[in-house]
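A short write-up of the structure that comes next.
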Amino acid sequence: RKNLVFPREELECSLCLKLFYDPITTPACGHTFCRECLAMALRAKPNCPLCRTPANIDAQSHPVNAVISHILQTHASQEYRKRSLEVKMEKKRRIPRHGIFFSNMLTFPGAKVHLHLFELRFRTLVSRALATDRKFIIMQRDVPVGCIVSIDTSRSTADGRFYIEGTAESRCRVDQIRFEEGAHGLECGEARPIVDQMEQQQLPPDEKDENDNDDDDGAAEEEEEELEEKKPPSDSKGDGESTSASASASETMTT
């Protein structure tokens, strides 16, 4: 089986024209794409990009095609590793998009978040988060700043509801908020991290007084040095001239 040869075009995504990465297959028509490629296509129109058959799936949480994934890792292992590294580098450069849960309360980094989610859009939010990086955004509707929440634990019920516990990790500015196609009304946005500036720490009163005294002593020493520099130098040249003049006068009188 290791000697089997698969045509290159059979292992390429028809959207990015590259080797499949995380391949998923649409259940209605059976066409296969990279997960990210299909997700981007479905945001524009919820149809298969090849045959236009309605594709009522969530590309982010849809299961991977295990057969094609096994073929890639077995018969094109070197190319698949290169492709995997390329995708990881692209993800690092890309601004992440996450599902948004709108709340009436402010959430700060470090806070614990407990949610009972039963609406279809928020159930989709949790499914997507669990299938990717376990993160989503919590924010107020009219405030463009929110928090990135990481899901710590989740529990689903028989009717599809979710009980989740998470931790707010960091603040972020949320841009490009829009409805996602095929996500049942879920809104997503680009999370741009905000780096909070630490306030400058003030010295204790004792240390501050010592520093002030040191500054006063240094200023006094500088004033003394300036006064010494301003003193006129001793006129050694004038003393020498007067001595020589008196000596010449005494010689004249002797003569």
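Here the spin labels are modelled as points 7 Å beyond Cα on the Cα-Cβ line, and at residue 159 and residue 66 they lie 3.2 nm apart.
Here the label points at residue 143 and residue 190, each 7 Å from Cα along the C-beta direction, are separated by 2.3 nm in the simple model.
Past the 22 Å Cα-Cα mark, which pairs from 91/112; 18/82; 112/135; 18/88; 91/135? With Cα atoms farther than 22 Å apart: 91/112.
In this simple spin-label approximation, residue 88 and residue 8 carry label points 7 Å from Cα along the Cα→Cβ vector, and these lie 2.5 nm apart.
Between residue 112 and residue 131, full extension at 0.36 nm per residue minus the direct alpha carbon distance yields a gain of 4.7 nm.
When the Cα centres of region 94-121 and region 156-193 are compared, how far apart do they sit, in Å? Cα centroid to Cα centroid, the span is 6 Å. If the segment from residue 173 to residue 73 were pulled out straight at 0.36 nm per residue, it would be longer than the present Cα-Cα gap by 32.2 nm.
We did not get these values from a lab; they are worked out from the coordinates using the rules stated. None of these values were measured; they are calculated from a predicted model. Heads up, the Cβs are rebuilt from the backbone with ideal geometry, glycines too, and the neighbour counts pull from every protein chain shown.
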